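Peer 1: Dropping a structure here in structure tokens format, bear with me for questions.
The values are calculated or read from the model by the stated rules, or taken from the named source; none is laboratory data. A quick note: this is a predicted structure, and the numbers were derived from the prediction, not measured. Ideal geometry is used to build each Cβ from the backbone, glycine not excepted, and the neighbour counts take in all protein chains shown.
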Amino acid sequence: MTGSESTPSFRLAYVPGVTPAKWVRIWNERLPDVPLDLVAVPAAEASDVLREGGADAGFVRLPVDRTFFSAIPLYTETTVVMVPKDHLVTAAEEVSVEDLADEVVFHPLDDVFDWERPPGQPAFERPATTEDAVELVAAGVGLLVVPQSLARLHHRRDVTYRPVVDAPQSSVVLSWPEEATTELVEDFIGIVRGRTVNSTRGRTQPAQSQPKAKRAETSGARRKPAPGKTTGKPTRSGGGAKRGKPRRRS
């Protein structure tokens, strides 16, 4: 190997709350010779990272610029409100946006929702990150509305959450620059879509078909008769059946 050659790798970006472990495991099983590098990025920066070539593809949250990116929908998350464990909201199994109208609800700068108007009463200032907002929820200062995966990511013993039935939802997609659809990107698309290792779009080459046996070797050639058996009527040629003895004249 020369110094100019390098081992190919695949760079996968993912935003907070997304767990790519399942797909990474399948990749490592199918393509053990191609390292997969994970790139953790804030949700607001994911598109820029992909656009600038910092990753080959990524698990990102909608919206994305569909004039530049391709995207495969994966799932839509339940929206929840994070509250202190002793908050009145915990008495209900689920709540509505209207139920939060009199509460202080934080709207961090990295909020993943595209609100027309955030629910509740605005806080004195916006926390810089979701993690900072969770700290304020734990202190009893206000509440926070997030996708359920972020509530799990920032789990604390003194904070819980309840579904918000009529709030906006966040959808996660696999996205990549459309003009940079490489073979490795196609490989990962196949994994995400559940294609088998023998799929025509996968990297595994189809097994070569065995050459057909000659017809004469299998079924076309006539078999020789077994000893003592005939295969047809006797001929009258020299090699035909023996004639009976002639009768004697009296």
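Peer 1: Yes or no: the stretch 84-103 includes at least one residue that is under 13 Å from Q169 (Cβ atoms) and charged (D, E, K, R).
Peer 2: Within the stretch 84-103, none of the residues are under 13 Å from Q169 (Cβ atoms) and charged (D, E, K, R).
Peer 1: Mind listing whichever residues of the stretch 64-83 are in a strand (DSSP E or B) and either at pLDDT below 95 or of a type in the set (A, V, I, L, M) (or both)?
Peer 2: Scanning the stretch 64-83 gives A71, I72, L74, V80, V81, M82, V83.
Peer 1: What is the one condition in (1) assigned to a helix (DSSP H, G or I); (2) modelled with pLDDT under 95 that P118 does not satisfy?
Peer 2: It is condition (1) that P118 fails.
Peer 1: In the stretch 134-147, is there at least one residue being without any contact (Cβ under 8 Å) to a residue 60 or more places away in the chain, under 22 Å from A44 (Cβ atoms) and surrounded by fewer than 21 Cβ atoms within 10 Å (Cβ to Cβ)?
Peer 2: The answer is yes; a qualifying residue exists.
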